[in-house]
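Trainee: First the structure, then my questions, so here it is.
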Amino acid sequence: MSAETPVQSAGSFARLRLRFRDWRGTRPFWAGLFTLLGGVPIAYFPYATLKLGTMSLTMATTAGAGSLIIGVLLVTLGLTMWFQQATRVFAGVAAIILALVSLVVSNIGGFIVGFLLAMIGGALAISWVPGEAQPEASKPHDGAEGPTDEGAAPTAPQGTFEPGHPHPPYGTADGGPAHGGGDGFRAEDRLGGDRVG
């Protein structure tokens, strides 16, 4: 065993984690997981037997087969959400309907746990939208280069100021303090328009 073995295993684990993250990002993963987990208690509880000392408590109902069918269908819908993203709306609506039916058929929806998980999974499946491919990042625009497009706005010539920045005080020829503009702004700035006369 060499010193590089842990590094290689860490690299493969990171690679698998990134691969799984990419796979998870292209489908309603959490919707499928909640729906799948919601089917387990719905199908399990009617067939479970609890033992309290020497006494056994059976939670089987007359609709045990219905509970099993609902649980298996919810597990199937959860897997469908993972592997057939195009049917996510149908699968979400079906999961919500099956969760509501499980309230009556299967021990109050698997003692409310399965009902809530299936409802959340169905709602997440309906609301999930596939992400759009992000455009390639454009290379950073250098301030020294001018705009390359024909319709781009020209850069401000030397000595002018950007809108929103305060103007410096002007001389007497530009409507400065000697022409009654004691605040240091040009006449057109004070009047809000073009200079008159």
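Trainee: With respect to L68, is the statement that it is touching a helix residue (DSSP H, G or I) at 6+ places or on another chain (Cβ under 6 Å) and assigned to a helix (DSSP H, G or I) true?
Mentor: It is true that L68 is touching a helix residue (DSSP H, G or I) at 6+ places or on another chain (Cβ under 6 Å) and assigned to a helix (DSSP H, G or I).
Trainee: Oh, and also: Checking V72 against (1) crowded, with 17+ Cβ neighbours inside 10 Å; (2) under 21 Å from Y44 (Cα atoms); (3) hydrophobic (A, V, I, L, M, F, W, C), which single condition isn't satisfied?
Mentor: Going through the list (1) crowded, with 17+ Cβ neighbours inside 10 Å; (2) under 21 Å from Y44 (Cα atoms); (3) hydrophobic (A, V, I, L, M, F, W, C), V72 breaks only (1).
Trainee: Report, ordered by the first and then the second residue, all pairs with beta carbons closer than 6 Å, sequence separation of six or more or different chains, a first member in segment 19-42 that is in contact (Cβ under 8 Å) with a residue 24 or more places away in the chain, and a second member that is part of a loop (DSSP other than H, G, I, E, B) and open to solvent by less than 70 Å² (accessible area, probe 1.4 Å).
Mentor: What qualifies is P28/W128; A31/W128; I42/S106.
Trainee: For segment 84-92, state whether one or more residues are touching a helix residue (DSSP H, G or I) at 6+ places or on another chain (Cβ under 9 Å) and outside any helix (DSSP H, G or I).
Mentor: yes
Trainee: With the checklist (1) assigned to a helix (DSSP H, G or I); (2) modelled with pLDDT under 70 in hand, flag the one item G109 doesn't pass.
Mentor: (2)
Trainee: Shifting gears a bit: Please go through segment 1-56 and give me each residue that is among the charged types (D, E, K, R) and at pLDDT below 85, ordered by number.
Mentor: Once the filter is applied, which keeps residues that are among the charged types (D, E, K, R) and at pLDDT below 85, segment 1-56 yields E4, K51.
Trainee: To continue, here is another question. Of the numbered conditions (1) over 25 Å from R21 (Cβ atoms); (2) open to solvent by less than 50 Å² (accessible area, probe 1.4 Å), L117 fails exactly one; give the number of that condition.
Mentor: (1)
Trainee: Of all residues in segment 105-133, how many are over 15 Å from the mean Cα position of the chain (by Cα), farther than 15 Å from G71 by Cβ and polar (S, T, N, Q)?
Mentor: Total satisfying the criteria: 0.
Yes/no per residue for (1) among the β-branched types (V, I, T); (2) modelled with pLDDT of 95 or more; (3) within 28 Å of the chain's Cα centre (by Cα):
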position	(1), (2), (3)
A60	no, no, no
A63	no, no, no
G66	no, no, no
I69	yes, no, no
L73	no, yes, yes
G78	no, yes, yes
A91	no, yes, yes
A94	no, yes, yes
S102	no, no, no
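The values are calculated or read from the model by the stated rules, or taken from the named source; none is laboratory data. Quick caveat: nothing in here was measured; it's all calculated off a predicted structure. Glycine gets a Cβ as well: all are built from the backbone with ideal geometry, and neighbour counts include every protein chain shown. Ligands, DNA and RNA are stripped out before the accessible areas are found, and what is left, the full protein with its side chains, is counted by its heavy atoms. Shrake-Rupley method; radii C 1.70, N 1.55, O 1.52, S 1.80 Å.
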